[in-house]
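The values are calculated or read from the model by the stated rules, or taken from the named source; none is laboratory data. Everything numeric in this text was worked out from a predicted model, so none of it was measured. Every residue, glycine among them, receives a Cβ derived from its backbone with ideal geometry; neighbour counts consider all protein chains shown. Remember, those area values only see protein heavy atoms, side chains included, never the ligands or the DNA or RNA. Shrake-Rupley method; radii C 1.70, N 1.55, O 1.52, S 1.80 Å.
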Amino acid sequence: MSGQSAVSAAKAALKSQAIELPSWAFGNSGTRFKVFAQPGVPRSPEEKLADAARVHAHTGVAPTVALHIPWDRVDDYATLAAYAGDLGLRLGAINSNVFQDDDYKLGSVAHPDAAVRRKALGHLLECVDIMDATGSRDLKLWFADGTNYPGQDDISARQGRLAEALSAVYERLGDDQRMLLEYKLFEPAFYATDVPDWGTAYAHCLRLGPKAQVVVDTGHHAPGTNIEFIVAMLLREGKLGGFDFNSRFYADDDLMVGAADPFQLFRIMYEVVHGGGLDAGIAFMLDQCHNIEEKIPAIIRSVMNVQEATAKALLVDGDALARAQQEGDVLGANAVLMDAYNTDVRPLVAEVRDELGADADPVAAYRSSGYGQKIVADRVGGTQAGWGA
């Protein structure tokens, strides 16, 4: 493919890319020691959607918003979906919460007490009901379940309880709905986490069937883990359902995408592009907690970082890379990737946004819009949204 053809193809792919925003990223968040409040933070799901619409207006590629239940609970979800539509948005994944209740101290769906397991399952099924009302495709499942001490519970029995709950949820899904199972290396369980890695998540999803797929949270891995290998394997098996994009230095830091290791983000996106993932219905979701920085411009920056990593991945010369690999040209093959990574794609992505009717420089456009000052002035009183609200 000629250079100009490659650029045209990259622009077309970038225009079709959709990055899902997390409602909770617009609320107050913090560390394990304190949640830091900011002026202008949303007080309701509707105000979260209004902020998300501002991100989409400036970037052109963030048309859906994931909800977290019960943090985004409303009386009428169909009305909330209609409100999102009026803002030019759609409601995306429904995220369940079976980790912020005293009953879940020893687990939720894997808890040794059957009554607690029934309560947790009831919430998961309620989330599917909400999906029916919002028109959402994906149910995202993350479990804090696990143990802190050897002997605390039966490891195998917990896997059986987990499988039983997942099966019940799977059977409740509609024909066009999916369940996305997320894994996490540790935290809050420190001895044995019930879904600690992609292999465990994959095994459960494989047993369940085609509507069950794995979510890769880029902050949920041990240092040095080759995340792009995991991505490539799940793509090969048709089990990569989505991403929770964020960045980390040490553990589950939930920093802006690409902040710690932009080269890793590029490598991940190369495997997505190479494996046909841009056309595979994968959910490209952000999952972040903006503790000290302003919410909206930070989210805009993350969207831009994903776009730029995708653009670089799309510019990899696949023919040259394949030749170098076939010839055993180690340095040549690496150079092909590095050439793409070192390309300044910001002008290209700015053109894409301009052609989409968005802003070439979204952060500057947001700053000049006055929206940040307006929400600070308007959102006085009430209870700000945040962790648990």
message: For the condition without any contact (Cβ under 8 Å) to a residue 24 or more places away in the chain, out of contact with any helix residue (DSSP H, G or I) (no Cβ under 8 Å at 6 or more places or on another chain) and at negative phi, what is the one hit in Asp153, Asp102?
response: Asp102
- request: Please verify whether the stretch 59-72 includes one or more residues that are on the phi < 0 side of the Ramachandran plot, touching a residue at least 40 places away in the same chain (Cβ under 8 Å) and open to solvent by 50 Å² or more (accessible area, probe 1.4 Å).
  value: no
Residues that are of a type in the set (Gly, Ala, Ser) and either touching an Asp or Glu at 6+ places or on another chain (Cβ under 9 Å) or in a loop (DSSP other than H, G, I, E, B) (or both), drawn from the stretch 17-45: Ala18, Ser23, Ala25, Gly27, Ser29, Ala37, Gly40, Ser44
task: Can you give me the number of residues within the stretch 333-389 that are open to solvent by 20 Å² or more (accessible area, probe 1.4 Å), assigned to a loop (DSSP other than H, G, I, E, B) and more than 23 Å from Gly3 (Cβ to Cβ)?
output: 13
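Which one is least open to solvent (accessible area, probe 1.4 Å) among residues in the stretch 223-239 that are of a type outside the set (A, V, I, L, M, F, W, C) and assigned to a helix (DSSP H, G or I)?
Among them, the one singled out is Glu228.
Name the residue that is most open to solvent (accessible area, probe 1.4 Å), counting only residues in the stretch 75-111 that are of a type in the set (A, V, I, L, M) and within 18 Å of Leu21 (Cβ to Cβ).
Leu87
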field: Options Asp197, Asp244: the member that is more than 16 Å from the chain's Cα centre (by Cα) and crowded, with 16+ Cβ neighbours inside 10 Å
entry: Asp197
message: Between a residue in the stretch 180-191 that is part of a strand (DSSP E or B) and any residue that is among the hydrophobic types (A, V, I, L, M, F, W, C) and modelled with pLDDT of 95 or more, which pairs come within a Cβ distance under 6 Å, given they are 6 or more apart or on different chains?
response: Leu180/Val215; Leu181/Leu141; Leu181/Ala201; Leu181/Cys205; Leu181/Val214; Glu182/Trp142; Glu182/Val215
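Return the residues of the stretch 114-134 that are of a type outside the set (Gly, Ala, Ser) and free of Cβ contacts under 8 Å to residues at least 24 places away in the same chain; say none if nothing qualifies. Walk me through how you get there before you give the answer.
Filtering the stretch 114-134 for residues of a type outside the set (Gly, Ala, Ser) gives 116-119, 121, 123-132, 134.
Val116, Arg118, Lys119, Asp129 - these are the residues of the stretch 114-134 that are of a type outside the set (Gly, Ala, Ser) and free of Cβ contacts under 8 Å to residues at least 24 places away in the same chain.
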statement: Condition set more than 17 Å from the chain's Cα centre (by Cα) and surrounded by fewer than 22 Cβ atoms within 10 Å (Cβ to Cβ), scope the stretch 280-315, selection nearest to Lys15 (Cα to Cα): answer is Leu315
query: Residues of the stretch 195-235 being out of contact with any Phe, Trp or Tyr (no Cβ under 6 Å at 6 or more places or on another chain) and of a type in the set (Asp, Glu), which ones?
result: Asp217, Glu228
message: Whether any residue in the stretch 145-153 is surrounded by 15 or more Cβ atoms within 10 Å (Cβ to Cβ), hydroxyl-bearing (Ser, Thr, Tyr), within 30 Å of Glu47 (Cα to Cα) and more than 19 Å from the chain's Cα centre (by Cα) is what I want to check.
response: no
field: In the stretch 112-129, the residues that are open to solvent by 10 Å² or more (accessible area, probe 1.4 Å) and of a type in the set (Val, Ile, Thr)
entry: Val116
query: Got a sec? Which helices (runs of 4 or more DSSP H) wholly within the stretch 240-326 have at least 3 residues that are touching a residue at least 60 places away in the same chain (Cβ under 8 Å)?
result: 262-274, 295-314
